[in-house]
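Heads up, the thing below is written out as structure tokens.
The values are calculated or read from the model by the stated rules, or taken from the named source; none is laboratory data. Not measured: the values here are computed from a predicted model. Glycine also receives a Cβ, built like all others from the backbone with ideal geometry; neighbour counts cover every protein chain displayed. Calculation scope for accessible area: heavy atoms of the full protein, side chains included, ligands and nucleic acids excluded. Shrake-Rupley method; radii C 1.70, N 1.55, O 1.52, S 1.80 Å.
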Amino acid sequence: MPKITVALDGYSSCGKSTTAKLVARQLHYAYIDTGAMYRAVTLYFCQNHISHTNPREVQKALDEIHISFRRHPESGSNDTFLNGLNVEDEIRKMYVSDRVSEVSTVAEVRHAMVAQQQRMGKSKGIVMDGRDIGTVVFPQAELKIFMTSDVMVRAHRRQEELLAKGELVGIEEVIENIRKRDYIDTNRTESPLRQAEDAILIDNTLMTVDEQVDLVVRLADERIGQAIRRREEA
Ligand code: DC
């Protein structure tokens, strides 16, 4: 069975990771949350007082940063490790969310992350979510999805996620963070967030998680079918 690459991009907190994870499980593909990688870099910058505007400090830090993903033995989730330490909970906290978009504007940071993402996905059979997967990381991906949803819906989902992890954040602060990240992600010079020309737009404001997952799996099955036919014709 030929394997494809599924690239899932879109705005902050619109359910990309939840969808990508479940799609990967149904397809028996690997799943990579690239936002977690930028969050891990940001955490390192916070912990080591690295200024993202100082190129020498940034390069030295990048040489010292090793990011990996490991399956949690009990929950089965794919946890993010920074230099051997599980940082899955820490990188989701508000102080990291507040700084991550600025760190993600730095060209050296992006080049290092993109190179690692391309290595991780080179054998296909992967679902990757982020902001530049269909445009920069895997422009040849067989299936590209661009997700969006209403900002209030996104803010409430994000607030619930934070609460489930014990962080109580007011809705205004959550909305402000989402709007700020969307603005920086869309307007940065280096690989800004935009919908690839051949990406399929999914607005999930009124969709359940199951509906989104079913839709993406159906589209992936179609693309796998096309890959089979291409192989037969060759
Ligand atoms: O998906 P997320 O909200 O966890 O991502 C956190 C930030 O990382 C997001 O605001 C922008 C940045 N990011 C990026 O620039 N490129 C990606 N491929 C993924 C995330």
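General remarks:
- Odd one out for LEU206, checked against (1) hydrophobic (A, V, I, L, M, F, W, C); (2) open to solvent by 70 Å² or more (accessible area, probe 1.4 Å); (3) closer than 17 Å to ARG92 by Cα: (3)
- Selection count where residues are open to solvent by 10 Å² or more (accessible area, probe 1.4 Å) and near the ligand (Cβ under 10 Å from one of its atoms), scope region 10-31: 4
- Near pairs, Cβ below 6 angstrom, 6+ apart or cross-chain, from region 33-61 (within 29 Å of LYS21 (Cβ to Cβ)) to any residue that is more than 16 Å from the ligand (Cβ to nearest atom) and not in a loop (DSSP other than H, G, I, E, B): none
- Here ILE32 fulfils each of the conditions (1) at pLDDT 95 or above; (2) farther than 13 Å from ILE126 by Cβ apart from (2).
- Whichever residue in region 170-182 is without any contact (Cβ under 8 Å) to a residue 12 or more places away in the chain and open to solvent by 90 Å² or more (accessible area, probe 1.4 Å) and, among such residues, is nearest to the ligand (Cβ to nearest atom): GLU176
- VAL96, sole failed condition from (1) more than 10 Å from the ligand (Cβ to nearest atom); (2) in contact with a Ser or Thr (Cβ under 9 Å, 6 or more places away or on another chain): (1)
- Residue under evaluation ARG229, criteria (1) over 16 Å from the mean Cα position of the chain (by Cα); (2) open to solvent by 50 Å² or more (accessible area, probe 1.4 Å); (3) at pLDDT 95 or above, criterion not met: (3)
- Selection from region 58-93 of residues that are farther than 13 Å from CYS46 by Cβ, within 12 Å of the ligand (Cβ to nearest atom) and touching a helix residue (DSSP H, G or I) at 6+ places or on another chain (Cβ under 7 Å): THR80
- The single residue among GLU161, GLU190, GLU167 that is touching a residue at least 60 places away in the same chain (Cβ under 8 Å), within 13 Å of the ligand (Cβ to nearest atom), of a type outside the set (A, V, I, L, M, F, W, C) and not in a helix (DSSP H, G or I) turns out to be GLU190.
- Identity of the residue in region 114-146, open to solvent by less than 10 Å² (accessible area, probe 1.4 Å) and part of a helix (DSSP H, G or I), that ends up farthest from ARG223 (Cα to Cα): GLN117
- Region 1-41: number of residues that are more than 19 Å from ARG70 (Cβ to Cβ) and of a type in the set (A, V, I, L, M): 8
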